[in-house]
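**Student:** Before anything else, here's the structure in question.
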Amino acid sequence: VFGVAAGYEDLNDHEALRFDQALQTAVGKESGLASKSTLCRMEQQVDRQSVVKAHELLWHHFIEQHEAPSKEIVLDFDGTDIPVHGDQPGKFFNAYYDHHCYFPLYVFCSRHLLVSYLRTSNRSDSRHSWAILALLVKFIWQYWPNTRMVFRGDSGFYRPRLLSWCDQNNVDYLVGISKNSRLLKDVEAPSQLVRDTHQKVGEKVSATYRFRYQAHSWKFSRWVVARLEEGELGSNPRFVISSRYDDGFKLYYEQYCARGDMENRIKDQQLYLFADRTSSVQWWTNQWRLILSGFAYTLFERLRAHLKKTPFERMSASNLRLKLIKVGAVIIRNTRRIRVLMSDSYPYKDELTDLVRRLVPG
């Protein structure tokens with residue numbers, strides 16, 4: 001995990017890293033660490049139970065990072081693609097992404113990673129999301145029984161049975177729904193007002209409209225918020241199903257659109273923490289590598305918690321790595337202490353010194 005966080009994704013790198021004194025100190029060892037062969041055998045022996053335990057560790061870590069139960073938490077669900085180029089198991093061609101890929105599911109609560117689950121790309125976005133949501137809700141309510149849960153996802157996670165489960169289990173939801181002829185008919189009047197306003201002002205105009213709607217597969221009607229937009233390219237309506245009765249502007253722009261932030265969290269793992277290192281011919285090995293990337297991401301988030309009110313607070317994992325971790329230094333270690341001698345020309349030496357003092361008392 002420390003190797004991935006530091007930018008060394010290949011097992012071959014650990015033939016040299018295992019003798020790195022800084023890395024040895026980080027994991028509490030005084031001699032050589034595991035070799036590439038040992039790490040390879042460990043990856044090949046991972047099974048389903050190992051992945052379940054790893055996720056439980058993430059969930060316990062999430063609870064431990066809060067001093068008191070939250071009144072409300074939002075569980076963001078989203079999927080993305082990981083290209084595959086060999087004979088990996090479960091390889092399928094996905095027409096939307098236009099290549100062979102895996103389709104992992106991520107779940108975040110704010111910046112906390114809760115689920116990093118590998119899936120094949122021949123199923124829908126919502127595959128297994130119902131089961132994972134149920135497990136998450138059950139686990140969190142064991143510790144925070146009075147916390148309000150909110151399930152949030154794009155239109156790929158719209159499933160009537162999933163929404164019915166949320167209604168029955170007192171879980172709120174904000175879920176996108178694809179436009180159809182009935183929805184468009186229900187918003188004809190407000191859409192015309194938006195269109196007329198656009199023609200008058202000559203600029204892009206948007207508004208929200210909240211109404212009751214009942215699809216044929218629903219047992220009762222639900223609130224739907226329409227984001228009606230008119231611009232140079234024509235109409236661009238969007239629809240969101242909500243279990244909450246609130247102002248349409250707040251529901252769409254302040255609550256639903258906030259889910260876009262999780263895409264930045266996914267990019268951190270995909271672009272900088274090697275979540276795409278799924279080249280093994282064994283399924284559970286690829287899943288384990290995805291989890292290791294998630295652990296490295298969590299490590300950076302724990303570091304970020306100590307960087308508040310500093311220039312590093314909002315930096316990406318890549319920038320944090322280049323400015324704080326992959327820095328040349330002389331290391332002198334004995335049985336009592338480790339000394340890190342930094343260059344006088346290192347531009348962030350004062351910030352790093354202050355960080356170390358906060359992290360290492362005395």
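The values are calculated or read from the model by the stated rules, or taken from the named source; none is laboratory data. Since this is a predicted model, take the numbers as computed values, not measurements. Here the Cβ is made from the backbone with ideal geometry for all residues, glycine too, and neighbour counts use every protein chain on show. Accessible surface areas use protein heavy atoms only, side chains included; no ligands, DNA or RNA. Shrake-Rupley method; radii C 1.70, N 1.55, O 1.52, S 1.80 Å.
**Student:** In square angstrom, what is the accessible area per residue of segment 1-43 with a 1.4 angstrom probe?
**Tutor:** Heavy-atom SASA per residue in segment 1-43 reads 57 Å².
**Student:** May I pose another question? Could you point to the residue in Gln168, Ala68, Leu135 farthest towards the positive end of segment 66-169's charge dipole, with +1 and -1 charges on the Cβ of Lys/Arg and Asp/Glu respectively?
**Tutor:** Looking along the dipole axis, the top candidate is Gln168.
**Student:** Can I get the semi-axes of segment 20-155's equivalent ellipsoid? Compute them from the C-alpha gyration tensor as square roots of 5 times the eigenvalues, in angstrom, largest first. Intermediate values should be presented prior to the final figure.
**Tutor:** Numbers: eigenvalues 164, 143, 30 Å².
That gives 29, 27, 12 Å for the three semi-axes.
**Student:** For Cα pairs less than 8 Å apart in space and 6+ apart in sequence, what is the mean separation divided by the residue count of the chain, i.e. the relative contact order in percent?
**Tutor:** Details: 514 pairs, mean separation 62.7, N = 362.
After rounding, I find 17 percent.
**Student:** Of all the accessible heavy-atom surface of the chain, with the other protein chains kept in place and a 1.4 Å probe, what percent is carbon and sulfur?
**Tutor:** On the way: 9930 of 19840 Å².
Summing carbon and sulfur atoms, their accessible area is 50 percent of the total for the chain.
**Student:** Quick check for you: with a 1.4 Å probe and neighbouring chains kept, what is the accessible area per residue of segment 228-292, in Å²?
**Tutor:** 46 Å²
**Student:** Rule-of-thumb check for segment 211-307: C-alpha Rg over 2.2 N^0.38 Å?
**Tutor:** 1.60
**Student:** Only Lys, Arg, Asp and Glu count, each charged at its Cβ (+1, +1, -1, -1), so figure out the dipole size of segment 5-91 about its Cα centre, rounded to 20 debye.
**Tutor:** 340 debye
**Student:** Give me the accessible area per residue for segment 60-137, probe 1.4 Å, as a whole number in Å². Can you show the working numbers first?
**Tutor:** Values: 3620 Å² over 78 residues.
With all protein chains present, segment 60-137 gives 46 Å² per residue.
**Student:** In whole Å and largest first, what semi-axes does the C-alpha gyration tensor of segment 133-290 yield when each eigenvalue is scaled by 5 and square-rooted?
**Tutor:** Listed largest to smallest, the semi-axes of segment 133-290 are 34, 23, 15 Å.
**Student:** Further question on the same structure: Considering all projection directions equally, how large on average is the shadow of the alpha-carbon convex hull of segment 1-43, in square nanometres?
**Tutor:** Average projection, Cα convex hull of segment 1-43: 2.7 nm².
**Student:** Quick one: among Phe220, Phe92, Phe157, which has the greatest mean-square fluctuation in a GNM of the chain with alpha-carbon springs under 10 angstrom?
**Tutor:** Comparing Phe220, Phe92, Phe157 in the GNM, the peak value goes to Phe220.
**Student:** Here's a follow-up. Holding the Cα-Cα limit at 22 Å, pick out from Lys204/Lys250; Lys138/Lys219; Lys53/Lys267; Lys71/Lys250 the pairs that are longer than that.
**Tutor:** From Lys204/Lys250; Lys138/Lys219; Lys53/Lys267; Lys71/Lys250, over 22 Å: Lys138/Lys219; Lys53/Lys267.
**Student:** As I understand it, the dipole of segment 46-306 uses +1 on the Cβ of Lys and Arg and -1 on the Cβ of Asp and Glu, about the Cα centre. Which of Met149, Ala258, Gly86 lies farthest toward its positive end?
**Tutor:** Of Met149, Ala258, Gly86, it is Met149.
**Student:** Quick one: plug the Kirkwood hydrodynamic radius of the chain (C-alpha pairs) into Stokes-Einstein at 4 °C, 1.567 mPa s, and report D in µm²/s.
**Tutor:** Approximately 56 µm²/s, per Stokes-Einstein.
**Student:** What order do you get for 4-10, 309-315 when each peptide is scored by the mean count of other beta carbon atoms within 10 Å, highest first? Before the final figure, lay out the partial values.
**Tutor:** Working: 4-10: 18.7, 309-315: 12.0.
Most protected by this proxy first, the peptides run 4-10, 309-315.
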